[in-house]
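Below is one structure, written out as structure tokens; comments come after it.
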Amino acid sequence: MPTNILVFCETEGGQLRKSAFELLGKATQLAAATGGKVSAVVFGDADAASLGAWGASTVYVASGPAFGTYVAGAWVKALQAAIASSGANVVLGSASGVTREAFPRLSARIGAGLSVECTDLRAEGGAIVGRRPVYAGKALVDVKIKSAVGLYTVRPNSFTIGAAPGGSASVVALDAGITDADLDVKVVETLKPATQAVDLTEADRIVSGGRSLKSKESFDAIVRPLAKAAHATPGASRAAVDAGYAPHGDQVGQTGKVVNPSLYIALGISGAIQHLAGMRTSRVIVAINKDAEAPIFQYATYGIVGDLFEIAPALEKELTKALA
Ligand SMILES: Cc1cc2nc3c(=O)[nH]c(=O)nc-3n(C[C@H](O)[C@H](O)[C@H](O)COP(=O)(O)OP(=O)(O)OC[C@H]3O[C@@H](n4cnc5c(N)ncnc54)[C@H](O)[C@@H]3O)c2cc1C
């Protein structure tokens, strides 16, 4: 049976998020392997037609007051309508704050299996298999969904964005029959993070600092400049956040953000299981720690044993030259 894939393309400030293109690229490969088609669904104002060049044959667009900022009831109903209209048997979304709430609701509503936080997807015997980390990343499990519709969320940066294959899409206005009863959440205010850096969950490079930074002043003087030089987003361990060196939004780990960058530089972070739970799927991990026995070295691609107060500024200097 062909696999018809619907990609939920999230937007921010009217722009399609990077994850939308990662998912469409993978969906196109999977649909080619199974003989299916790719559709997309977009909420709010964004350049929906441009998704045709990225492999979507139809783009369903829901707009209006319910689709500016996230309103759970309305968005789940609209996703359900998009699944029905597209005849999708597989739905892909980025592992995000929105899908963390919307996809379980959708799953319960339409009786669809759900596999969250996948880091890979593949076609096998005409079916889609999602690979996801379990037990705080200690093991990987392959999930094949047997229900008529399967929902998968995928961590940002799991797939690289290739060249757009080209093509055009028909853009269809989605009538999800939204009523006042679906407007179960009212967004009163949206607070933007103070930093202009790419959001941690989507960042391709991250430089994180730990308790070892000793103060907010030295966190700002060491971690942030190195992050800037590496064109990276700053992150922090919980110990650093609890000590007030960095805001909570920068925390990586089990009770912080789950990240999946190409490069993760850990400055003076021991590698506690709760920190690893948030970053161990990073493609390349560079650990700088003065304790050669620190657990982070078991997971690091490259390890530097030494004092971060000497190594980080030297690295910053070289990266500034190399990436200028
Ligand atoms: C329920 C629960 C949830 C948690 N959630 C999270 C979470 O989401 N994220 C998270 O990070 N933690 C979380 N934690 C806390 C976690 O267990 C660790 O306490 C925390 O990650 C430690 O942070 P750290 O590595 O910065 O500090 P430490 O463990 O104190 O490590 C500091 C490291 O810096 C090294 N160091 C010191 N000075 C230098 C120097 N000058 N140069 C180089 N290296 C140096 C030391 O050798 C050491 O390895 C959670 C804990 C619990 C119980």
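Where a number appears in this text, it was derived from the coordinates with a stated rule and is not lab data. Quantities reported herein were computed from a predicted structural model and do not represent experimental measurements. Cβ coordinates were reconstructed from backbone atoms using ideal geometry, including for glycine residues, and neighbour counts include every protein chain displayed.
Quick look at the values:
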| item | result |
| --- | --- |
| Karplus-derived HN-Hα couplings along the stretch 225-237 (A = 6.51, B = -1.76, C = 1.60, θ = phi - 60°), whole Hz, x at Gly and Pro | x, 5, 4, 5, 5, 8, 6, 10, 9, x, x, 7, 7 |
| Neighbourhood net charge (12 Å Cβ-Cβ; Lys/Arg +1, Asp/Glu -1) for residue 272 | +3 |
| Residue order, fewest to most beta carbons within 10 Å, for 309, 159, 219, 43 | 309, 159, 219, 43 |
| Relative contact order (percent, whole number), the chain, Cα cutoff 8 Å, 6+ residue spacing | 15 |
| Size of charge dipole - the chain - debye, nearest 20, with Cβ of Lys, Arg +1 and Asp, Glu -1, no other charges | 580 |
| Calculated SAXS-style log₁₀ I(q)/I(0) at q = 0.20 Å⁻¹ - the stretch 5-182, Debye, Cα scatterers | -1.47 |
| Helix-derived mean residue ellipticity, 222 nm - over the chain, DSSP H n ≥ 4, -39500 (n - 2.57), to 500 | -8500 deg cm²/dmol |
| The stretch 106-231 - charge dipole about Cα centre, Lys and Arg +1 at Cβ, Asp and Glu -1, debye rounded to 20 | 660 |
| Residue exposure sequence - 286, 154 - by fewest surrounding Cβ within 10 Å | 286, 154 |
| Interchain or long-range residues, amide H under 5 Å from residue 116's placed H | 153 |
| Neighbour net charge for residue 142 - beta-carbon separation under 15 angstrom, K R +1, D E -1 | +2 |
| Rounded, prolate or oblate (a/c below 1.5 giving rounded, otherwise prolate when a/b exceeds b/c) for the stretch 200-323 by Cα gyration tensor | rounded |
| Summed side-chain charge close to residue 242 - residues other than residue 242 whose Cβ falls under 15 Å, Lys, Arg +1, Asp, Glu -1 | +3 |
| Estimated distance in nm for a label pair at residue 69 and residue 273, the labels positioned 7 Å out from Cα along Cα-to-Cβ | 3.8 |
| Choice from 208, 39, 262 with maximal GNM fluctuation in the chain (Cα, 10 Å cutoff) | 262 |
| Paired Rg and Dmax values of the chain, which use every Cα atom, in angstrom | 20.9, 61 |
| Calculated on alpha-carbon atoms, Rg and Dmax of the stretch 181-233 in Å | 16.1, 51 |
| Residue-wise HN-Hα coupling along the stretch 42-51, computed from phi with Karplus coefficients 6.51, -1.76, 1.60 (Hz; x: Gly, Pro) | 10, 10, x, 8, 7, 7, 4, 4, 5, 5 |
| Where the Cα pairs of the stretch 31-95 fall when distances are cut into 10 Å bins, in % | 20, 52, 25, 3 |
